[in-house]
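Chemist: Can you keep this structure in mind? I'll have questions shortly.
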Amino acid sequence: MSEPVHAFTTEPLDWHPYVTPVELAAASPRQLDALKMTPSNKGVSPYVLVLAHEPEMLAERTPLFNDIMYSEGGLSRAGRELGALGASVVNRCVFCAAVHAARYIQLDKKPEVVAEIYARETRADLPDHEQALFDFAVDLTSNPGDVGGYHLYHLREKGLSDLEILDLIHSVAIFGWANRLMHTLGEPHPKG
C-alpha cells in the first residue's frame with residue numbers, strides 16, 4: 001500500500017478508510033435510501049459508504065451539503081470552493097484541499113490563486129476579492145469565537161451581500177466538520 005499524502009497537492013487523491021465501508025450489495029434499505037442523495041456521478045465514495053453506517057445522519061448531511069455547495073444564487077460556486085479550501089488548509093485536510101482546489105481552478109480558472117495558497121498557506125497574498133474570502137475562511141476556522149461584526153463589515157466592504165456572506169460561512173463551517181471526519185475516519189493516498 002502506498003504511503004499517505006501529507007502535503008497539499010492539486011493531484012487527485014484516493015481516501016482509504018480506517019472503518020470498513022458499507023458494502024452496497026449488503027446495505028440495508030435505510031442505508032440505500034440515504035445513499036440515493038449523493039450527488040456524485042462517479043459512484044459512491046468510500047467516505048460516503050463509511051458515513052452510511054449511520055443512515056439517519058447521512059440522510060440529513062447530504063441534502064445540507066448539496067444545498068450549501070450547489071444551490072443557486074448567493075456566493076458563486078468558486079467562492080464556496082475557496083471558502084472550503086481555506087478551512088481545509090487550516091485543518092490540514094489534504095484530501096479535501098485537493099478536491100476544493102481542483103474545483104476552484106475548474107470554476108474560476110485561477111490556478112495561481114491555489115499555487116499561492118499552497119506556497120504560503122494561511123499567509124497567502126491573493127487578489128483583493130479572493131483574499132477577503134480566504135482570510136475569512138482562515139479566521140472562522142482558526143478562531144471562530146473571534147469572528148464578528150468587523151469581519152462581516154470587511155466582507156460587505158469588498159462587495160459581498162448578506163446572502164453571499166452566509167453562503168461563505170456555511171461552506172467554511174461544513175468543511176470544518178467534514179475535515180475532522182475525514183481525518184478520524186481515514187487518510188489520503190496517491191490515486192491508483
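The values are calculated or read from the model by the stated rules, or taken from the named source; none is laboratory data. Every value quoted in this text rests on a predicted model; they were computed, and no experiment measured them. Neighbour counts run over all protein chains shown; Cβ positions are idealised from the backbone, glycine included. To get the accessible areas, we keep the full protein, side chains included, count just its heavy atoms, and leave off ligands, DNA and RNA. Shrake-Rupley method; radii C 1.70, N 1.55, O 1.52, S 1.80 Å.
Chemist: Given [x] 0.96; [y] 1.21; [z] 0.98, which label gives Rg/Rh (Cα atoms, Kirkwood Rh) as computed from the coordinates?
Modeler: Answer label, from the structure shown: [z].
Chemist: Here is a follow-up. Using the heavy atoms of the protein chains alone and a 1.4 angstrom probe, what is the accessible area of the chain per residue in square angstrom? Spell out each step's value before the answer.
Modeler: Working: 9960 Å² over 192 residues.
Normalised by residue count, the accessible surface of the chain is 52 Å².
Chemist: For the stretch 60-131, state which trypsin sites (Lys or Arg not before Pro) are in a DSSP loop and have at most 15 other beta carbons lying within 10 Å of their beta carbon.
Modeler: On the way: sites: Arg61, Arg77, Arg80, Arg92, Arg103, Lys109, Arg120, Arg123; in loops: Arg92, Lys109.
Taking the stretch 60-131 and a limit of 15 other Cβ atoms within 10 Å, the loop trypsin sites (Lys or Arg not before Pro) found are Arg92, Lys109.
Chemist: Let me ask another. Loop only per DSSP, at most 11 neighbouring Cβ atoms within 10 Å: give me the GluC sites (Glu not before Pro) in the stretch 60-146, ordered by residue number.
Modeler: Those satisfying the criteria are Glu72.
Chemist: For the pair Val19/Asn66, report the inter-label distance in nm, with labels modelled 7 Å from Cα in the Cβ direction.
Modeler: 2.2 nm
Chemist: At most 14 other Cβ atoms within 10 Å and a DSSP loop assignment: could you name the chymotrypsin sites (Phe, Trp or Tyr not before Pro) in the stretch 76-177 that fit? If you can, show how the numbers build up before the last one.
Modeler: Details: sites: Phe95, Tyr104, Tyr118, Phe134, Phe136, Tyr150, Tyr153, Phe175, Trp177; in loops: none.
The qualifying sites: there are none.
Chemist: Given R₀ = 41 Å, FRET efficiency for Arg92-Ser28 by Cβ-Cβ distance, to 0.05?
Modeler: Details: r = 34 Å, r/R0 = 0.84.
About 0.75, to the nearest 0.05.
Chemist: Once both axes come from the Cα atoms, what is the angle between helix 55-70 and the longest principal axis of the chain, in degrees from 0 to 90, rounded to 10?
Modeler: In the chain, helix 55-70 runs at an angle near 30 degrees to the longest axis.
Chemist: To the nearest 10 degrees, how steeply does helix 94-108 sit against the main Cα axis of the chain, on a 0 to 90 scale?
Modeler: Value to nearest ten degrees: 60.
Chemist: For the stretch 1-120, give the magnitude of the charge dipole about the Cα centre (Cβ charges: +1 Lys/Arg, -1 Asp/Glu; no others), in debye to the nearest 20.
Modeler: Values: 11 positive and 14 negative charges, 47 e Å.
Dipole of the stretch 1-120, to the nearest 20 debye: 220 debye.
Chemist: Return the tail of the calculated pair distribution for the stretch 60-157, meaning the percent of Cα-Cα pairs more than 22 Å apart. Walk me through the numbers on the way to the answer.
Modeler: Numbers: 1245 of 4753 pairs.
Result for the distance tail: 26 percent.
Chemist: Continuing with this model, one more query. Could you state the principal axis extents of the C-alpha atoms in the stretch 1-66, from the largest down, to the nearest angstrom?
Modeler: 37, 25, 19
Chemist: What is the ratio of the Cα radius of gyration of the stretch 109-177 to 2.2 N^0.38 Å, where N is its residue count, to two decimals? Could the numbers behind the result be given before it?
Modeler: Values: Rg = 12.0 Å, N = 69, 2.2 N^0.38 = 11.0 Å.
Its radius of gyration relative to the 2.2 N^0.38 Å reference: 1.09.
Chemist: Could you work out how far the C-alpha centroid of the stretch 15-75 sits from that of the stretch 167-192, in angstrom?
Modeler: Going from one Cα centre to the other spans 14 Å.
Chemist: Over the stretch 73-179, with every protein chain in place, what whole percent of the accessible area is carbon and sulfur at 1.4 Å, could you tell me?
Modeler: After summing per-atom areas, the C and S share lands at 53 percent.
Chemist: Here is a follow-up. Residue farthest toward the positive end of the dipole of the chain, with Cβ of Lys/Arg at +1 and Asp/Glu at -1: which of Leu49, Trp177, Gly83?
Modeler: After comparing all options, I get Leu49.
Chemist: Roughly what angle does helix 77-90 make with the longest principal axis of the chain, taking Cα atoms, 0 to 90 degrees, to the nearest 10?
Modeler: 80 degrees
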